[in-house]
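Inspection log for the structure reproduced underneath, given as structure tokens.
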Amino acid sequence: MFDAPSVQKLPAPVRCLLTEASQGRSGILVVTGPPGAGRTTLISSVSAALPSWTVLRTPGHTGELGVPYAGLQRLITPVRDRIACLEPAQREALMRVLSGTSPQVGRWELGLSLTSLLGTPEAHPSGPPTPVICLIDDAHLLDEPSWQALLFAARRTPHLALLATTPPGAVPDGLPAHALEPLSADEARSLLAAHAPDLAREVAEAVFTLVGGNPAALLDLAGSLSPEQRRGYAPLPSCLPPSSRLRHRYRAELDALPAPTRDLLLLAAAQPSAPLSAVLAAHTLSSAPSALSPSGLSPSGLSPSALSPSGLSPSGVSPSGLSPSGLSPSGLSAPPSLRDLGGFGGGDEAGLEALAHAERAGLVTVEGDAVCFVSPLVRGASYMEMALSSRRNAHLALAAVLAARGERLASLMHRAAATTGTDAPLARELTQAARTAEPGAAAEARRCAAGLLPDPADQGSMLVEAATSAWLAGRPHDAGMLLRRVPPAAGNARVRARGLTAEMGLPDGRPGARELLLDVAAELADTDTTTALDALALAGEAAARPGEQGRYAGLARRVIAGQRGDEPPAVALAFHHVAGLACMADGDEPAAFARLRRAVDLADRVTEPRRLLQAATSGVLVGDSRRAAAIAGRSAVLAREQGSTVLIPQALEMAATAALATGEYAAANTAALDGAALARATGQPILAAVHTAILAVLAALVGDRETALARIEAAGSGPSRALCEWSLALIDLVDGRALPAAERLARVVTAPPGYGSALLQVAVVPHLLEASSSFSLGLDSVAVSFDRWAGRTGQPAWLALRDRCRALRATDAEEASAHFGAALRHTGEAGFPRAHTELLYGRFLRRRRRHVEARTHLRRAAETFRVMDAEPWAAQSMRELRAAGERVDLPGPALDGLELTAQQERIAVLVAGGATNREVAQELHLSPRTVDHHLRNVFARLGVRSRTEMARMLNSGS
């Protein structure tokens, strides 16, 4: 038994069992889980939750497995006084069990006696029957006669519940069972915060990664950490501490296995993981008496002559396998497995049979060419419970096999794991190999390389590179741990570490991140131009802050002075982007536009996702939103291809924002939905909230109040708040509350620049001027700035919005009409923005009694809004049409035959796949009522009457 703290509620099957017993029925449930998962804690929690019940509790014991009725005797001893109320024959049967004098009691006779003891009215003379629960921990260790007697009684006794626990795989046939789930990441964080509050956030995440969601293991490992480890300044152990009872348990299971099986488990557990074929080949190699002699695989690792930087030098590993000069003096020509280290060798049958012992013990499963441990705890024990010399030999054997297979990076990492002390040449090989690896593998390779470097400055620089790779791979907590280990004497690496820390904190809105980036740019301006450029690009919002514009512009000019003119396109792009921001800080808008457009033009020649994000930002700042959306989309694709997971949701945020600005709402919706999911998956909850807030704006734009409010609630506060205010203002506009909408949007426009505010404070202006057109809110400077900026962009969409705003602010009717006409003549405005202009113009004409002209614009607006499922806006258009003298029929069959919108298509595909409305709502961040509304329109457009018909139509491709 292992006590594990509980942070979970009672599982639903347990609650159901208790309810059944309290209502006069009986029930049985077996709860399973590995050691430390909380089985004993669950038993204790149930016992404590039932003060008015009769609670009988006993654990199973290994030493009493062969003693008949030993468990039953312990269980019923607390209620032995009730035996006197039973019939003589039943009293005698139970007393014989309690005394242990005659264990040969008839099963039928004993079962009936136990049923009477636990469930008859005589057992509860004081009133109505009190429910009884029997709690059996480690039921697999209860003697069989006791277990059978309990099952007999539990099937027949009213008000009786039998709750037992066992390890996985030990549930008796035919009994209902429930498997305890590992703690989720949030539950694990709560547990560690309660029991180890001084753990750094990154350390808590690393502890969870090391041991998974096992409660006892989490606290065992956290409790064993040194002060340096608890704060993240020293590497964490790779396994539970030697004193851990869980580790003792796994050690006992491993000790029971044959030696070849333990050797194979060691090879499979050694990091980085190797496929089964390589594990078997390495096992055969390491079993050969002379295979790992000093001449081939030295104690410090594979010598350069054994495995050259190319991994396949003639002196080390030949194309046909390991050459005699690469290994022992005897040449190793005899062992069959060396015939082909790239695949299965002659000893594979024996190796597979040895591995089968571990499979039967429930420690691993074999899936294809992969050995999968049932938990990180088993993997850690399989590695750490072997002697140091065995672990080193395992790494050396794997290094040789993987080199022969052409897997250079994995081979080098195993060499590093077998190396003691420093080894600068090996570190250089690792660094070189990491350049072409995906970020996750590169992070591990650079971490290994850092440990091999003797110089603190080199070590610090390598740790920063490792942290950058870890962050790009979507492991920000690993990155934080690596940054904490940068030595104090690492020089510029310490500055770069601060810059990366600030960059990781920007999406979270961490205070001081922008100021820290400016400090980094100042310190590296003369020595590390590339890092200084990146810091200035990330701190770009400072270019718009009145108190920081001067400092930003000065730093930018200092860095830009180092531009030679022959830089690669990616670096030239960064120079132009930062130069454009500096010109904005100086108030030189024409020069800013020129520089930023040059950055956009260079995007086609760049394949670095982070640089493309800078180009997309430049595109947004100059109003080229369509090109910005395309660049951001390309950045997301390249980030996915290169394994830079953390950048994908950032690129999708830019793509969604740019698509929102151009009126491409379907594209914006898709990007934001995908971005929210990926941001959560990569540990960027604040960025996920921003995506959710963008989805709220999209819902509010089409008048979907319920969905918008649900998304606003999900987004919460923080950097996403301005977007949420925009959403609320749009809802106010739909409902005809112009003044509250104007006040909200005025606060957004006049707020200090913040995360992602560059486009937002421009995009809301048309709605602000619309809402404030009947009020005097002193927005002349806002209107003038927007008019000037939109004109400078030269983009038809923004020019159309500029002319619409001019029309709304015009004091002369003819002038306003001319501006509305100009807005509708711009070919770039389409979809929702154009329909909204048509509605505003139609309303303007109707109020001036120009009804015939008004009806033309209002009909177009109504048709577009209905196609886009913007029903509240369509209703407004209909009301205006009626007021303009047109008879308007209720919408209905006219939808038949229309194409599905992107939102409707997503809903239709999910429903056709069997999802319920509630499941669709959760997947797409909608309300169930909105899903129901869309689904009705889908049925109308497809001409079907049921989900089954729709699924048949979609699946047949008709």
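The values are calculated or read from the model by the stated rules, or taken from the named source; none is laboratory data. These numbers were taken from a predicted model, which means no experiment stands behind them. FYI the Cβ positions are ideal-geometry reconstructions off the backbone, even for glycines, and counts take in every protein chain you see. In case anyone asks, the SASA skips ligands and DNA or RNA and just uses the protein heavy atoms, side chains included. Shrake-Rupley method; radii C 1.70, N 1.55, O 1.52, S 1.80 Å.
Here are V171, V207: which of them is closer than 20 Å to L482 by Cα, aliphatic (A, V, I, L, M) and either modelled with pLDDT of 90 or more or surrounded by 15 or more Cβ atoms within 10 Å (Cβ to Cβ) (or both)?
Working: V171 fails: closer than 20 Å to L482 by Cα.
Sole residue among the options that is closer than 20 Å to L482 by Cα, aliphatic (A, V, I, L, M) and either modelled with pLDDT of 90 or more or surrounded by 15 or more Cβ atoms within 10 Å (Cβ to Cβ) (or both): V207.
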Report yes if some residue within segment 57-78 is surrounded by fewer than 19 Cβ atoms within 10 Å (Cβ to Cβ), of a type in the set (A, V, I, L, M, F, W, C) and under 27 Å from P158 (Cβ atoms); otherwise report no.
-> no
Do any residues in segment 877-892 that are among the basic types (K, R) have Cβ atoms under 9 Å from those of residues that are open to solvent by less than 60 Å² (accessible area, probe 1.4 Å) and at pLDDT below 85, where the two are at least six apart or on different chains, and which pairs are they?
-> R879/V888; R882/V888
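Each row is one residue, and each column tells you yes or no for (1) open to solvent by less than 20 Å² (accessible area, probe 1.4 Å); (2) at positive phi; (3) free of Cβ contacts under 8 Å to residues at least 40 places away in the same chain; (4) in a helix (DSSP H, G or I).
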{"site": "G623", "(1), (2), (3), (4)": "yes, yes, no, no"}
{"site": "G633", "(1), (2), (3), (4)": "no, no, yes, yes"}
{"site": "M654", "(1), (2), (3), (4)": "no, no, no, yes"}
{"site": "T657", "(1), (2), (3), (4)": "no, no, no, yes"}
{"site": "A677", "(1), (2), (3), (4)": "no, no, yes, yes"}
{"site": "G683", "(1), (2), (3), (4)": "no, yes, no, no"}
{"site": "V690", "(1), (2), (3), (4)": "yes, no, no, yes"}
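Take S618 and decide whether it is touching a His at 6+ places or on another chain (Cβ under 6 Å) and assigned to a helix (DSSP H, G or I).
In short, yes.
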Restricting to segment 381-412, what's the tally of residues that are open to solvent by 10 Å² or more (accessible area, probe 1.4 Å), in contact (Cβ under 8 Å) with a residue 12 or more places away in the chain, within 30 Å of D220 (Cα to Cα) and not polar (S, T, N, Q)?
-> 6
Taking segment 556-571 only, how many residues are closer than 17 Å to G540 by Cα, of a type in the set (A, V, I, L, M) and surrounded by fewer than 24 Cβ atoms within 10 Å (Cβ to Cβ)?
-> 2
Just one of the numbered conditions (1) within 23 Å of A522 (Cα to Cα); (2) crowded, with 24+ Cβ neighbours inside 10 Å; (3) more than 29 Å from the chain's Cα centre (by Cα) is not true of V600; which one?
-> (1)
Hey, can you tell me all the residues within segment 726-759 that are part of a helix (DSSP H, G or I), open to solvent by 20 Å² or more (accessible area, probe 1.4 Å) and modelled with pLDDT under 85?
-> T750, A758
Is there any pair with a first residue in segment 833-855 that is in contact (Cβ under 8 Å) with a residue 12 or more places away in the chain and a second that is of a type in the set (D, E, K, R) and crowded, with 22+ Cβ neighbours inside 10 Å whose Cβ atoms are under 6 Å apart and which are 6 or more apart or on different chains, and what are they?
-> T837/R804; G842/E880; R843/E880; R846/E880
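Looking at L219, is it within 23 Å of I133 (Cβ to Cβ), surrounded by 15 or more Cβ atoms within 10 Å (Cβ to Cβ) and aliphatic (A, V, I, L, M)? Show your work before the answer.
On the way: within 23 Å of I133 (Cβ to Cβ): no; surrounded by 15 or more Cβ atoms within 10 Å (Cβ to Cβ): yes; aliphatic (A, V, I, L, M): yes.
Judged against the criteria, L219 is not a match.
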Pull up segment 81-129, narrow it to residues that are modelled with pLDDT of 80 or more and part of a loop (DSSP other than H, G, I, E, B), then point me to the one that is surrounded by the fewest Cβ atoms within 10 Å (Cβ to Cβ).
-> E87
Exactly one of A822, A870, A835 is surrounded by fewer than 17 Cβ atoms within 10 Å (Cβ to Cβ), at negative phi and either in contact with a Gly (Cβ under 6 Å, 6 or more places away or on another chain) or of a type outside the set (D, E, K, R) (or both), and that residue is A822
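Filter segment 716-725 down to residues that are open to solvent by less than 50 Å² (accessible area, probe 1.4 Å) and either modelled with pLDDT of 90 or more or among the hydroxyl-bearing types (S, T, Y) (or both), then give me how many there are. Lay out the reasoning, then the answer.
We begin by selecting, within segment 716-725, every residue open to solvent by less than 50 Å² (accessible area, probe 1.4 Å); these are 716, 718-720, 722-725.
Subsequent filtering for residues that are either modelled with pLDDT of 90 or more or among the hydroxyl-bearing types (S, T, Y) (or both) retains 720, 723-725.
Qualifying residue count, segment 716-725: 4.
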Consider T607 carefully, then state whether it is surrounded by fewer than 24 Cβ atoms within 10 Å (Cβ to Cβ), over 20 Å from the mean Cα position of the chain (by Cα) and of a type in the set (V, I, T).
-> yes
Give me the pairs, please: first residue somewhere in segment 775-787 and of a type outside the set (G, A, S), second residue anywhere and part of a loop (DSSP other than H, G, I, E, B), beta-carbon distance under 8 Å, and either six or more positions apart or on two chains.
-> L779/S772
Considering segment 425-470, residues that are outside any helix (DSSP H, G or I) and among the charged types (D, E, K, R), and then whichever is nearest to R485 (Cα to Cα), we arrive at D455
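Checking the condition out of contact with any Phe, Trp or Tyr (no Cβ under 7 Å at 6 or more places or on another chain) and open to solvent by 50 Å² or more (accessible area, probe 1.4 Å), which residue from A489, A437, A427 passes?
Details: A437 fails: open to solvent by 50 Å² or more (accessible area, probe 1.4 Å); A427 fails: open to solvent by 50 Å² or more (accessible area, probe 1.4 Å).
Result of the check over A489, A437, A427: A489.
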